[in-house]
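To start, the structure under review is shown below, and the notes come after it.
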Amino acid sequence: MTKFHNIILILLFLSTSIKPEILYSNKYLVLLAPPLLFLYILFIFKEEWLQYNLNYLRESSFYFWTFKAFQFSIFTQAIGTVLLGKATSFTENSIHTYSILPIYTVTIGPIMEEVIFRKIIFKRLHNIFNFGVAAFASSTIFAWVHYNPTRFPIYLVIGVIMCWVYNKSGNITTIIAAHIIINFTAILVSDLI
């Protein structure tokens, strides 16, 4: 993947994220923007996806690191909710407006976010800076894109956890799986509360 592809991907992602009200005000944008970004990710990483060793999904380390990411993230969410309260953003409130959004939240969203924030931003920064600086910078952007000022610290910590797990496991699939489970759990819990 070239530097040009990285820049285009980040700009496309941010253009659909900077003002979520714009995206959610048009049903066609809601329907088409996430899958188009997802297809672009598949295109620019096609060589990596084609060479991916599916046997990794059978290894115990995959399950160990996925569980660790999930465990620490859920713990962070719980502590954050106790300390900061439950506050939802426009994006989170919109999840029930369009029936496709929960599906995107559990599938396309985690893949796009982990590829952009961990595989591209964190990985590039980690090549230049130490782990702490790279994790904090990419996690700050990750938290900012979730548009929830009250829960910003929670998203920041979860971003650092995901960077740590990605760094330790060395595999993006681990944190994508954890992110999918986290988002699925969040949707279930939000419907129960």
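The values are calculated or read from the model by the stated rules, or taken from the named source; none is laboratory data. In this text, all values refer to a predicted model and were calculated from it rather than measured experimentally. Methodologically, a virtual Cβ is constructed for each residue, glycine included, from the backbone with ideal geometry; neighbour enumeration extends over all protein chains shown. These area figures cover heavy atoms from the full protein model, side chains too; ligands, DNA and RNA do not enter into them. Shrake-Rupley method; radii C 1.70, N 1.55, O 1.52, S 1.80 Å.
What to note about this one:
- Screening the chain for DSSP H helices whose Cα atoms reach 24 Å or more along their own axis and whose mean Kyte hydropathy is at least 0.5 gives 27-44, 60-84, 152-169, 172-192.
- In the structure shown, the pairs K123/K168; K46/K123; K3/K27 are assessed against 20 Å; a Cα-Cα span above that value is assigned to K3/K27.
- Residue (of L188, I120, F142) at the positive-pole extreme of the stretch 88-193, dipole from beta-carbon charges: I120
- Förster radius 25 Å - calculated FRET efficiency between I7 and I103 (Cβ-Cβ, nearest 0.05): 0.30
- Based on the Stokes-Einstein relation at 4 °C and a viscosity of 1.567 mPa s, and on the Kirkwood radius from alpha carbon pairs, the stretch 27-130 is assigned a translational diffusion coefficient of 78 µm²/s.
- Accessible area per residue for the stretch 30-125 is 57 Å², calculated with a 1.4 Å probe on protein heavy atoms, without ligands, DNA or RNA.
- Taking the helices alone, the chain has a mean residue ellipticity at 222 nm of -23500 deg cm²/dmol, built from -39,500 (n - 2.57) per DSSP H run of at least 4 residues and averaged over all its residues.
- Of all accessible heavy-atom area on the stretch 35-113, the percent that carbon and sulfur account for (1.4 Å): 69
- When +1 charges are put on Lys and Arg Cβ atoms and -1 charges on Asp and Glu Cβ atoms, the dipole computed for the chain relative to its Cα centre reaches about 280 debye.
- Taking all protein chains together and rolling a 1.4 Å probe, E113 ends up with roughly 30 Å² accessible.
- Spread over its residues, the convex hull of the C-alpha atoms of the chain is 117 Å³ per residue.
- Taking every protein chain into account, the accessible area of the stretch 126-193 amounts to 47 square angstrom per residue (probe 1.4 Å).
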